[in-house]
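Read the structure below first, then the notes.
The values are calculated or read from the model by the stated rules, or taken from the named source; none is laboratory data. Model, not experiment: these values are computed from the prediction. Cβ atoms come from the backbone with ideal geometry, glycine included; neighbour counts cover every protein chain shown.
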Amino acid sequence: MRAAFDATGFWQATGAGADHGATFDAEDSGPPRYRAVFISDLHLGTPGCQAEPLLDFLKAHPSQTLYLVGDIVDGWQLRRRWFWPQAHNDVVQKLLRRARKGCKVVFVPGNHDEFARGFAGHHFGGIEVREEAVHTTADGRRLWVVHGDHFDAVIQCAKWLAYLGDNAYELTLRLNRHLNSLRARMGLPYWSLSAYLKHKVKKALNYVTAFEQAVAAEARKRGYQGVVCGHIHRAEMREIDGTLYCNDGDWVESLTALVEHHDGRLELVQWHGAHQHRQRVPAAAESATV
């Protein structure tokens, strides 16, 4: 987009002040199925964003509270070129509609939508912007909600390198789309090239481990029982030295979210339409909170 991309300009450009063509959803009837839903790293404004599956997921997972844990809009890519198909606009309208219907929607900006950090404490269409948040589960656990980029040494110490890595990641995703288009014509299932590379490269694995440990350690230092973050596009839920670490993944490759049931149970959900993979919070973490 233009160099002066900011929250106000985005709001005007997407027409986020009105709900154009709103339709009735099954979520409009009955109480919310979930107490809270956490999603991050949608990267709206990029070709890699899986907007249509995300819309299906949101329709199937109404909640009392919805946390948008950063990198919802990819300001980095939009500064370079404007990419905003109707499906991306539909996601924005869906989030606004959810807020109007009584769902508490909290937006914690990440590094790709850092332009919104200057609006912390304000509301846009009923969506509250916060630098970070604290969520208390039904069973009393206090979870720190933060995007996580402040624990990324590359972002903090060499931002130019992060931009370079972002471009490389976009190239990988582009190759991935062409590869999977060919695989689909051959009758083969979806396969993620970038996920394969991340899991196979030792340095990447070391980076992920260091990130997880750093975030969990800071949550523990602040007196929280757990943390919910995003940023590294790797869904995970486990205990680290007695602190529950939850990463809700992304909506570029993994199509994952963290959900809280009304009794406080936490699950990672990987969306595959009506069929979805679920990972419950580890038993050790559950017993520790009794």
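So which residues in region 60-100 are part of a strand (DSSP E or B) and under 16 Å from PHE38 (Cβ atoms)? Scanning region 60-100 gives SER63, GLN64, THR65, LEU66, TYR67, LEU68. Note on region 129-143: residues that are within 15 Å of ASP263 (Cα to Cα) and in contact with a Lys or Arg (Cβ under 9 Å, 6 or more places away or on another chain) total 5.
Residue count for region 97-120 under the criterion of being buried (at least 23 other Cβ atoms within 10 Å of the Cβ) and farther than 17 Å from ALA133 by Cβ: the result is 1. Could you tell me whether LEU58 is touching a Lys or Arg at 6+ places or on another chain (Cβ under 6 Å) and at pLDDT 95 or above? Criteria met by LEU58.
Kindly indicate whether any position in region 101-113 is of a type in the set (S, T, N, Q) and assigned to a helix (DSSP H, G or I). The answer is no; no qualifying residue exists. Being in contact (Cβ under 8 Å) with a residue 12 or more places away in the chain, in contact with a helix residue (DSSP H, G or I) (Cβ under 6 Å, 6 or more places away or on another chain), surrounded by fewer than 17 Cβ atoms within 10 Å (Cβ to Cβ) and over 14 Å from ILE39 (Cβ atoms) holds for only one residue in GLY126, GLY140, and it is GLY126. The single condition from (1) more than 14 Å from the chain's Cα centre (by Cα); (2) buried (at least 24 other Cβ atoms within 10 Å of the Cβ) that LEU66 fails is (1). When we screen VAL252, VAL281, VAL227 for residues that are modelled with pLDDT of 95 or more and either basic (Lys, Arg) or within 22 Å of VAL106 (Cβ to Cβ) (or both), the only hit is VAL227.
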